[in-house]
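Right, one structure below, let's go through it.
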Amino acid sequence: MPNTPYRLLRKTLLSLALLTCVCVSPGSAASALHFSFDRAIDGAAAPFVLASVRGLFRTEGLTVTTGQATSSVDAIGRVASGSSDMALADINALIRYRDKENSAPVKAVFVLYNKAPYAIIARKSRGIATMSDLEGKTIGIVDGDLAARLWPAMARLNNIKRDKIRTEKISAAVREPMLSAGQFDAVTGFSFLSAINLRDRGVPANDLAVLRFSDFGSEVYGHALIVNPKFADANPDAVKGFVRATIAGIRLSLKDPARAIDDVLLQMNGGSRDVELERLRAVLNDNIVTDEVKRNGLGGIEPGRFDAGISQIADDYEFRKRPSAGDIFDDSFLPPVSARKVN
């Protein structure tokens with residue numbers, strides 16, 4: 001659709017709203033909060049975009065500015081240093097960070113992805129339909145990829161002989177191009193990123209096998225809101241307000257994902273409406289609104305499942321001190337379960 005003067009004006013106004021959401025509740029001073037995404041904005045960021053451009057932060061009395069980190073590790077570093085007050089980051093990257101000596105006591109306060117999106121994305125035309133088919137194949141692995149770090153646990157759980165699988169390290173920039181060109185049989189990645197990006201590159205959907213780790217025994221949680229401990233101590237109401245606004249943004253995304261994507265696209269440099277809508281629907285259905293969330297509400301964790309996930313991480317990581325749920329996650333900023341329920 002060509003950019004009409006009205007569309008350009010709307011995009012400018014919404015972009016300004018996302019960059020700095022000056023949101024003041026009647027009769028109270030705004031709480032200033034800097035938030036970092038862990039990567040560039042796309043359809044999966046809809047709950048936060050909507051919280052900004054539709055006044056959900058305003059309702060909570062928040063002034064929110066945003067930035068973009070390069071990865072979950074970078075986002076955690078920003079929160080640990082205090083350059084960001086809160087961020088979106090993979091909770092398993094946080095678990096590894098907290099195990100380092102002298103790490104800052106950063107904690108998660110709301111789990112966004114109840115199921116981590118870790119997956120192996122494979123070509124059915126290369127003879128792969130399920131995990132056991134990976135033996136004898138070649139997998140492209142991005143250095144530091146979080147899905148790849150859980151692969152040893154997945155192999156053990158599914159009785160796969162890892163020595164019968166060839167792996168090659170690649171950069172993130174060539175992951176989808178190399179798989180689409182047939183240079184690998186499969187790659188590790190996020191289900192709502194690589195699989196959808198590959199379809200956008202012309203790989204037929206019926207030629208893709210998306211082997212979600214959560215379907216093969218993975219117990220780990222995924223991305224979560226994390227907070228700087230000093231900021232949380234000084235501004236507990238701001239953290240609670242951000243969590244409530246996030247929940248409201250999720251609900252709006254669920255109610256009308258197509259309209260949500262229209263707002264997201266105005267924050268992106270390019271982007272296909274169909275691709276980003278598919279991405280949002282995938283992350284909502286596969287990672288956010290799970291059976292556990294339908295039972296217990298958004299944002300929380302089950303300690304027993306968390307501990308099982310720690311055991312799976314330990315397949316590829318030797319802990320200095322094995323963490324408990326309370327070491328990593330602080331549920332005191334969550335609203336009551338009744339306020340976190342979704343259908």
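Here, each number is a calculation from the coordinates, and none is a lab measurement. Being a predicted model, the structure only gives us computed values, none of them experimental. When we count neighbours, we look across all protein chains shown, and the Cβ atoms used for this are built from the backbone with ideal geometry, even at glycine.
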Exercise for the section: Name the long-range amide H neighbours of Leu208: under 5 Å, sequence gap of 5 or more, or other chain; modelled H, no Pro or chain starts. Expected result: Lys124
Handout entry: Rg followed by Dmax, in Å, when the stretch 118-215 is reduced to its Cα trace
Key = 11.9, 33
Handout entry: Antiparallel content of DSSP bridges confined to the stretch 118-215, in %, to 5
Key = 60
Practice task
Enumerate the calculated ³J(HN,Hα) couplings along the stretch 232-237 in order (Karplus 6.51 cos²θ - 1.76 cosθ + 1.60, θ = phi - 60°), each rounded to whole Hz, writing x wherever the residue is Gly or Pro.
Solution key: 4, 5, 7, 9, x, 5
Practice task
Run through the DSSP bridge list for the chain and note the antiparallel percent, rounded to the nearest 5.
Solution key: 60
Exercise for the section: Report P(r) for the chain: all Cα-Cα distances, bin width 10 Å, range 0 to the bin holding the largest distance, values in whole percent. Expected result: 5, 25, 34, 25, 9, 2, 0
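Compute the length gained on full extension between Asp215 and Ser338: take 0.36 nm times their separation in residues and subtract their Cα-Cα distance, giving the result in nm to one decimal.
Additional length available on full extension: 41.5 nm.
Can you list, largest first and rounded to whole Å, the semi-axes you get for the stretch 227-341 by taking the square root of 5 times each eigenvalue of its Cα gyration tensor? Spell out each step's value before the answer.
Working: eigenvalues 169, 78, 50 Å².
So the equivalent ellipsoid measures 29, 20, 16 Å along its semi-axes.
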Problem - Asp327 versus Lys230: modelled label distance in nm, points set 7 Å from Cα along the beta carbon direction - result: 2.5
Practice task
Quote to one decimal, in nm, the extra length available between Asn269 and Lys164 on full extension: 0.36 nm per residue of separation minus the C-alpha distance between them.
Solution key: 33.6 nm
Practice task
Quick one: angle between helix 303-313 and the longest Cα principal axis of the chain, in degrees between 0 and 90, rounded to 10, please.
Solution key: 50
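Can you give the helix-only mean residue ellipticity at 222 nm for the chain, where every DSSP H stretch with n ≥ 4 adds -39500 (n - 2.57) and the sum goes over all residues, rounded to the nearest 500 deg cm²/dmol?
Numbers: 15 runs with 135 residues, N = 343.
For the chain, the value works out to -11000 deg cm²/dmol.
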Practice task
Please determine, in degrees from 0 to 90 and to the nearest 10, the orientation of helix 72-81 with respect to the longest principal axis defined by the Cα atoms of the chain, where the helix direction is its Cα long axis.
Solution key: 40
Fill in the blank from the handout: the stretch 239-323: relative contact order from alpha carbon pairs under 8 Å, six or more residues apart, as a whole percent, is 19
Problem - Separation between Cα centres of the stretch 271-343 and the stretch 66-121, rounded to whole Å - result: 13
Practice task
Quick one: give the max-minus-min coordinate of the C-alpha atoms of the stretch 50-96 along each principal axis, largest first, in Å.
Solution key: 35, 18, 17
Handout entry: Relative contact order (%) - the chain, alpha-carbon pairs under 8 angstrom, separation at least six
Key = 26
Fill in the blank from the handout: Under 5 Å from the placed amide H of Lys107, counting only residues 5+ away or on other chains, we find Val227
Handout entry: Between the stretch 210-226 and the stretch 160-206, the alpha-carbon center distance in angstrom
Key = 18
